[in-house]
1. Grab the beta carbon distance between Trp63 and His38, set R0 = 35 Å, and tell me the FRET efficiency rounded to 0.05.
2. So for each of 24-30, 38-44 I average, over its residues, the number of other beta carbons within 10 Å; can you give me the resulting order with the highest mean first?
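What follows is calculated from the coordinates using simple rules that are stated; it is not laboratory data. Since this is a predicted model, take the numbers as computed values, not measurements. All Cβ positions, even for glycine, are placed from backbone atoms using ideal geometry, and neighbour counts span all protein chains on display.
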Amino acid sequence: MERLTADADPAEIVAAAVGAVPGVAGLYGGLFGEVATHLVGRRVPGVRIDDVGNAEVHVVVHWDQPVPATAYAVRRAVARLVPGEVHVVVDDVAGPAEPAGHGGGA
């Protein structure tokens, strides 16, 4: 997990919180990297936060974890960090020996 600085963007804070949720293999930035927050000099794949604080989070779940419970845990973790609604999208499932984003399909 990336170490956050005092000037961390809210998207980076959300990404760190999501990465700490049991069952999450990683964030998913989309097939072409289209799901991301673009910051100066960097990107946060898998997280979008709009101007009013609504968050959209795209994740990959470990194959042996319950998808609904993991998505709910992600939603709860993010809801503490943003003032708006939280939308969680499970885009993929990572197989037992596969890295995040290269699982067997959602």
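1. Numbers: r = 31 Å, r/R0 = 0.87.
Between Trp63 and His38 the formula returns 0.70.
2. On the way: 24-30: 21.0, 38-44: 11.6.
Per-residue Cβ counts within 10 Å, averaged per peptide and sorted highest first, yield 24-30, 38-44.
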